[in-house]
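What follows is one structure encoded as C-alpha cells, with my remarks underneath.
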Amino acid sequence: MGQPAVIAQLRSRIGDVAGSGLCVSIPERPLLVRRIPFIGGGMQGTPTILERVRSLIERLAPAPICDECISEKLSLSWKSQANQAARELVGRDDFERLSDVCTICGGPKITTRKALR
Ligand SMILES: [Zn+2]
C-alpha cells in the first residue's frame, strides 16, 4: 500500500545522487593523517614547543629547571616533549643540561639552564 510509490521515489532519488556525481566510490588511498605539530612544526604565528621551552628557560636564567617542571609550566602533554626540546637547545646559545637542583620543584634532577655571560 503506497510502498511501490515510495520505493520508486527512493530509486529516483538514488538515481539523482548517482547521476550528479556525488556518489563517489571510497577513495583508494587512506585519508591523510594530520601531522601533529611538534618541534619546528608549529603553525604560523604559533610558537613551537621548542620556542616556548627556550623562552621559559631564558626567563629563569641562570636558574636550572627540570623537564617535568618545563612540561608542567607549559602545559605540555608529554614530558618527553620538554625533554626533546631541552636537549635540542643544549649546545647553542649557552644552554646546558646538568644534574642540579630544580628551581621550581627543588628536586635533584637533570635540569636545563641558560648560562648568563
Ligand atoms: Zn622541577
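Quick note: the coordinates plus some simple rules give every number you see, no bench work behind them. Since the model is a prediction, treat every value here as computed from it, not as a measurement. For neighbour counting, all protein chains shown are included, and Cβ atoms are generated from backbone atoms with ideal geometry for every residue, glycine included.
Taking the Cβ-Cβ separation of residue 101 and residue 46 as r and a Förster radius of 22 Å, what is the calculated FRET efficiency to the nearest 0.05?
For R0 = 22 Å, the calculated efficiency reads 0.10.
Kindly write out, for region 63-79 in residue order, the coupling ³J(HN,Hα) from the Karplus curve 6.51 cos²θ - 1.76 cosθ + 1.60 (θ = phi - 60°), rounded to whole Hz, with x marking Gly and Pro.
My calculation for region 63-79 gives 6, x, 9, 8, 4, 4, 5, 4, 5, 6, 5, 9, 6, 7, 6, 10, 4 Hz in order.
Neighbouring Cβ atoms within 10 Å as the yardstick, rank 46, 111, 103 fewest first.
So the ranking, lowest neighbour count to highest, is 46, 103, 111.
Each residue of region 84-99 in turn: what ³J(HN,Hα) in whole Hz from Karplus with 6.51, -1.76, 1.60 and θ = phi - 60°, glycine and Pro shown as x?
5, 5, 4, 5, 5, 6, 4, x, 9, 6, 6, 7, 9, 10, 8, 6
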